[in-house]
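Just below is one structure, and these are the notes that go with it.
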Amino acid sequence: MNFPNDDDGGLLQMLHEHGIDLSAPMDLEFGVHCPDENTALKIEQVLQAAGYKAHALYDEGDLEEGEAMTADNEDSWPYWAVVAFIKMVPEYDEIVRIKAHLDELSQPLGGTSDGWGAVIE
């Protein structure tokens, strides 16, 4: 399979290379980065009103076992986010559309779409 040469295509390629069936619906999580708790709670409400199953969360930045603090993870923790959960067939164009829609809904409140991931069991 060929995927576009960007972050979304790269993630689809990685899933494909790991043997994930990309023709079957799966649970995807779309993140929205928020500058603070108040913004996260507002965006959570807006996304829920738009029909998304969304949840605000706070990540204080726990290091994984054996992981060292670096400039990269120090800059990105702690943070607030909203995660929208969608069960869907992971199709590139639809993923890009959803990310754009999340930006459209969250940017007026100070949020920014921050990628997506697959829930693999």
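Quick notes on this one:
- A Förster radius of 41 Å, combined with the Cβ-Cβ distance separating Phe3 from Gln48, puts the computed FRET efficiency at roughly 0.85.
- Overall, the chain carries a charge dipole of about 700 debye about its Cα centre when +1 sits on the Cβ of Lys and Arg and -1 on the Cβ of Asp and Glu, all other atoms neutral.
- Most mobile of Ala54, Ala84, Ala100 in a GNM of the chain (Cα contacts under 10 Å): Ala100
- Carbon plus sulfur fraction of accessible area for the chain, probe 1.4 Å, in percent: 48 percent
- Per residue solvent-accessible surface (Å²) - the chain, probe of 1.4 Å: 62 Å²
- Positive-end residue, the chain charge dipole about Cα centroid, Cβ charges, pick of His16, Val119, His101: His101
- Per the Kirkwood formula applied to alpha carbons, the chain shows a radius of gyration over Rh ratio, Rg over Rh, of 0.99.
The values are calculated or read from the model by the stated rules, or taken from the named source; none is laboratory data. Note that the structure is a prediction, hence the values are computed from the model and not measured. Cβ: placed from backbone, ideal geometry, glycine included. Neighbour counts: every protein chain shown. Side chains included, ligands, DNA and RNA excluded: accessible areas come from the protein's heavy atoms. Shrake-Rupley method; radii C 1.70, N 1.55, O 1.52, S 1.80 Å.
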